Amino acid sequence: MSEMALTADHLVVIGRGRLIADSSTADLIARSSQGFVHVRTPDADGLTSVLRAAGAAVHVEADSLRVTGLDSAAVGELAALHRVVLHELSPRAASLEEAFMELTKDTVDFRTEVSVGMESS
């Protein structure tokens, strides 16, 4: 999928005989809800509280925050308003694979299910 993201300008996605998408690769990725804002700050706890109060979802990673539900401008403005120092603030788009999986989640014919069982003798 990563090779397709680098080489394809336009994508047509068909699922179960129906046209799901007919758009540029960039538009397909931009429409995905999998995008997020990557934030590094020395006050991760303080910024997390501010962002969650504003309705964002915040996933705390090793040395950064992964923010969804707000764009980078809103995150930056909230940080400035609450005097939180930022070391990095960058929007990150979903990958083509993430966008494709989100787009086609309801049109797959097969799903993988794993069941584990034990048999006694």
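Of everything in the range 69-86 that's surrounded by 14 or more Cβ atoms within 10 Å (Cβ to Cβ) and β-branched (Val, Ile, Thr), which residue is farthest from Gly15 (Cα to Cα)?
Filtering first and then ranking leaves Val84.
Looking for something of a type in the set (Lys, Arg) and exposed (fewer than 11 other Cβ atoms within 10 Å of the Cβ) - is there at least one such residue anywhere in the range 51-67?
So far as the range 51-67 goes, no, none of its residues is of a type in the set (Lys, Arg) and exposed (fewer than 11 other Cβ atoms within 10 Å of the Cβ).
In the range 1-97, which strands (runs of 3 or more DSSP E) lie fully inside it and hold 1 or more residues that are in contact with a strand residue (DSSP E or B) (Cβ under 7 Å, 6 or more places away or on another chain), of a type in the set (Ser, Thr, Tyr) and within 30 Å of Thr107 (Cα to Cα)?
Working: elements: 10-15, 18-24, 36-40, 57-60, 65-68, 88-92.
Those strands (runs of 3 or more DSSP E) span 18-24, 65-68.
For the range 87-101, which residues satisfy the criterion of being surrounded by 16 or more Cβ atoms within 10 Å (Cβ to Cβ) and not small (Gly, Ala, Ser)?
Leu89, Leu96, Glu98, Phe100
Readers should treat all values here as calculations from the given coordinates under stated rules, not as data from a laboratory. This structure is a prediction, so every number in the text was calculated from the model and none was measured. Heads up, the Cβs are rebuilt from the backbone with ideal geometry, glycines too, and the neighbour counts pull from every protein chain shown.
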